[in-house]
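All remarks here apply to the structure that follows.
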Amino acid sequence: MRKLLILLLLSALLGGCAVLPENTGRQASTAYTDTRDTYLGRLYSAGAAAHPGESAFHLLGNGLDAFVARAVLAQEAERSIDLQYYMIHSDHVGTLLLNQVLEAADRGVRVRILLDDIDEGSRDFRIAIFDQHPNIEVRIFNPFGRNVSRIWQYVTGFGRQTRRAHNKSYTVDNIATIIGGRNIGDEYFERDPKLAFQDLDVLAIGPVAQAVSNSFDQYWNHKLSYPIATLLGDRKPTLEEYREARQQYRQRLSEIEESDYLERLRNSDLARQLRSGSHHFEWAVGQVFADPPDKLLHETSEAEYRMMRELLPYLESARRELIVLSPYFVPGKEGVAFFHRLQEKGVRVRILTNSLASTDVSIVHAGYIRYRKALLRMGVELWELNHRTTREERKAMSEGYVGKSKSSLHAKAFVADRETVFIGSLNFDPRSVIQNTEIGVVFRSPVLGGRIAEAFDENIEKEAYRLELVRDEDTGQEKILWHGYSGGKPVTFESEPNAGFWRTLGIHLMRWLPIESQI
């Protein structure tokens, strides 16, 4: 029995040693620089003379427009498409968008796809099929070993495998880019209006795109970036399997062709405007901020690798008002102190995040609730989205089978004084700030900043609960009230709205776990 136990133990230990292949054979490549004579280059040049050093910006708050912008860029691509994403799903939207990329590659456009490994695993073969195309290369950033279960690697590789590349960018011809909160999947692009995130991207044409390309190249050529063919070795698809997969892909596309979603995309005004060059952009100086890929190789205490450090001056620049949109909001003691300093300067601080009923990551809410009373006490205005997800939806979300409910906020942005705007992949939580890598852009535009702030003003009372800190008359203890509207009538809740007893209890128990740095 003892020998058997020893053998089992040795087997477990040896089996837990995930081995990554040598990564020395990858070829370095960088963004093309001679792209001014492309369609997108000429589109930029038409307005650039009157706006030296500036980029042209367009907000993508609507999911349909966010897809259309990506599709049109792919259709107009002449030299290159670079995609860096945390997740690309194999659903309707994922299929449609990757088809646009495939068609561009068929025209001779160079395509580089860089994915974090959080969502690939069992989908290796699917994504490796694209790598068989002569004009497409796929790489996986910070990959898991393919010879050991991921759960075991999470346990044994804690601190490395739990840190992910959360960056999201889509850049065409090194002249146009889309960055923001969206991954690629149905839930991010309103394929089903009832199942969609509230999200925000920005399309930028000009110098901002070159800055995003520079960040992409750093990740693409980094030692943590593995060609999918290297990871799969002998298991990579054959040419015959590639041909069969493309045939299956065409069949799936023919089934999607008749969908209502595709009809809505065809009727897009934005598509017509972008193709004709008649769309009106707002021009502004933009600056891209991105965590370096080396962040994942350094201790979390090394603050010089955090892009949040570079964003602080823009947050601190607020003199009158700061609006923060963050689906996962865990400010920590430092964040609470920061907002307190703004309050002391007379800055009105308004924060929108998910309620317990609307969040798709409940454990993050456990970290957030520790700081609610302190923020309310100092005068920060807290708003929580007033929609809800069902137990079935949350289960489907966690399994990756369906889109998130429209009740979930996913936009990551802030607006200072209705003119300084940040849009990116960064949440205001320790995982984004300390653990993962992120990207975003800051630009000064009273028009676009005002547009976001005005939308906040017009919709916030209908879409969110306003939190109020009061003192209980019976116990003398502080408690939180949630004020909102239901069916057009004002309502007030004295506990987490629409969350249910057991979910609320679980969250309040989880708040005592020492895991804040991981959420």
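Quick rundown of the values:
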| read-out | value |
| --- | --- |
| Residues located in the range 455-485, provided they are among the polar types (S, T, N, Q) and either assigned to a strand (DSSP E or B) or closer than 30 Å to residue 59 by Cα (or both) | 459 |
| Residue in the range 297-304 that is among the aliphatic types (A, V, I, L, M), at pLDDT 95 or above and surrounded by fewer than 17 Cβ atoms within 10 Å (Cβ to Cβ) present | no |
| Members of the range 55-85 found to be assigned to a loop (DSSP other than H, G, I, E, B) and buried (at least 22 other Cβ atoms within 10 Å of the Cβ), listed by number | 77 |
| Meets criteria (among the β-branched types (Val, Ile, Thr) and part of a loop (DSSP other than H, G, I, E, B)) for residue 95 | no |
| Lone qualifier among 59, 43 - being under 28 Å from the mean Cα position of the chain (by Cα) and at pLDDT 95 or above | 59 |
| Cross-chain or 6+ apart pairs with Cβ under 7 Å, the range 408-429 first and in contact (Cβ under 8 Å) with a residue 40 or more places away in the chain, then among the basic types (Lys, Arg) | 417/319; 417/320; 420/444; 424/412; 425/168; 425/412; 426/412; 427/412 |
| First in the range 440-469 and within 24 Å of residue 169 (Cβ to Cβ), second anywhere and assigned to a helix (DSSP H, G or I), Cβ under 6 Å, 6 or more apart | 441/208; 442/314 |
| Matching residues, the range 195-223, being over 12 Å from the mean Cα position of the chain (by Cα) and either free of Cβ contacts under 8 Å to residues at least 60 places away in the same chain or within 19 Å of residue 96 (Cβ to Cβ) (or both) | 195, 196, 203 |
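The values are calculated or read from the model by the stated rules, or taken from the named source; none is laboratory data. Just so we're clear, the structure is a prediction, and the values are computed from it rather than from any experiment. Note that each Cβ is placed from the backbone with ideal geometry, even for glycine, and that neighbours are counted across all protein chains shown.
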